[in-house]
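Participant: Pasting a structure here, questions to come.
The values are calculated or read from the model by the stated rules, or taken from the named source; none is laboratory data. Every value quoted in this text rests on a predicted model; they were computed, and no experiment measured them. Reconstructed Cβ throughout: ideal geometry from the backbone, glycine too, with neighbour counts over all protein chains shown.
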Amino acid sequence: MFNKADLPEVIPVFPLPGALLLPRSRLPLHLFEPRYLAMLDDALKTPGRLIGMVQPNPGRDGDRAGLHTIGCVGRVTQFSETEDGRYMITLTGISRFRVLEEVEGFQPYRRTRVSWSGFERDMSPPEPDTCFDRARFLDLLNRYFRSRELQTDWESLEQADDELLINSLSMLLGFEPEDKQALLEAPSLSTRRETLVTLIEYALRGGDDEEIMQ
């Protein structure tokens, strides 16, 4: 279990559009670019094996793509190498962070100086959502899956605890990068669930602004 004192001031970051990592959740990644293979190699040499996931921010000008202010760091908990030198890894989310500045160096990948303040809850036990109406939510989700002709293991969804269910759907459903960022920045599990419901409803309306859930 990590605590705030274990987290470094400077971390390597992987700016990947649409990829969302949340605390206590797992994100599989396929690494093949030389700079990210170097990042993984360096991360595995450290005690924490930490890599930060952060969304590129196209609204920021500069010689290279800007970064959103909030990201989430994960620990490499699984990795395997393919015969052609690529890696399949799994990051387990530890805590969100706030980007303070980029750190220049000789590494081919990007690094940032970060602050962990304000995200202490991320390193606590799983968060409850006391106002969660699971039956109503699963009904909405069923309509969304039918509209997209998606299949899922409904028994597993029904049995998953609140945080696992909300976070897994936030990470897996095909929302736009800015929507993923809104899910990441939600201050609590209940607000993330409310954001998720809004996005699903919006998708079901096809972009209409009328309300569905009353």
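Participant: Which of (1) assigned to a loop (DSSP other than H, G, I, E, B); (2) farther than 28 Å from Pro8 by Cα; (3) among the polar types (S, T, N, Q) does Ser147 not meet, given it meets every other one?
Facilitator: Evaluating Ser147 over (1) assigned to a loop (DSSP other than H, G, I, E, B); (2) farther than 28 Å from Pro8 by Cα; (3) among the polar types (S, T, N, Q) leaves (1) as the failure.
Participant: Quick check on segment 44-67. Is at least one of its residues at pLDDT 95 or above, touching a Leu at 6+ places or on another chain (Cβ under 7 Å), over 12 Å from Val13 (Cα atoms) and buried (at least 17 other Cβ atoms within 10 Å of the Cβ)?
Facilitator: no
Participant: Exactly one condition in (1) assigned by TED's automatic domain parsing to the domain that holds Glu194; (2) surrounded by 13 or more Cβ atoms within 10 Å (Cβ to Cβ); (3) modelled with pLDDT under 90 is not met by Asp129; state its number.
Facilitator: Every condition holds for Asp129 apart from (1).
Participant: Scan segment 158-171 for residues that are under 14 Å from Arg193 (Cβ atoms) and part of a helix (DSSP H, G or I) and jot them down.
Facilitator: Asp162, Glu163, Leu164, Leu165, Ile166, Asn167, Ser168, Leu169, Ser170, Met171
Participant: Name the residue, out of Arg49, Arg35, that is among the basic types (Lys, Arg) and out of contact with any Pro (no Cβ under 6 Å at 6 or more places or on another chain).
Facilitator: Numbers: Arg35 fails: out of contact with any Pro (no Cβ under 6 Å at 6 or more places or on another chain).
Step by step, each of Arg49, Arg35 is checked, and only Arg49 is among the basic types (Lys, Arg) and out of contact with any Pro (no Cβ under 6 Å at 6 or more places or on another chain).
Participant: Could you go through segment 93-107 and let me know if any residue there is surrounded by 12 or more Cβ atoms within 10 Å (Cβ to Cβ), in a loop (DSSP other than H, G, I, E, B), at pLDDT below 95 and of a type outside the set (Phe, Trp, Tyr).
Facilitator: Step one: filter segment 93-107 for residues surrounded by 12 or more Cβ atoms within 10 Å (Cβ to Cβ), giving 93-100, 102-103, 107.
Right, trim to in a loop (DSSP other than H, G, I, E, B) and you get 107.
In the following step, the residues that additionally are at pLDDT below 95 were identified as 107.
Checking which are of a type outside the set (Phe, Trp, Tyr) leaves us with 107.
Yes, that holds for at least one residue.
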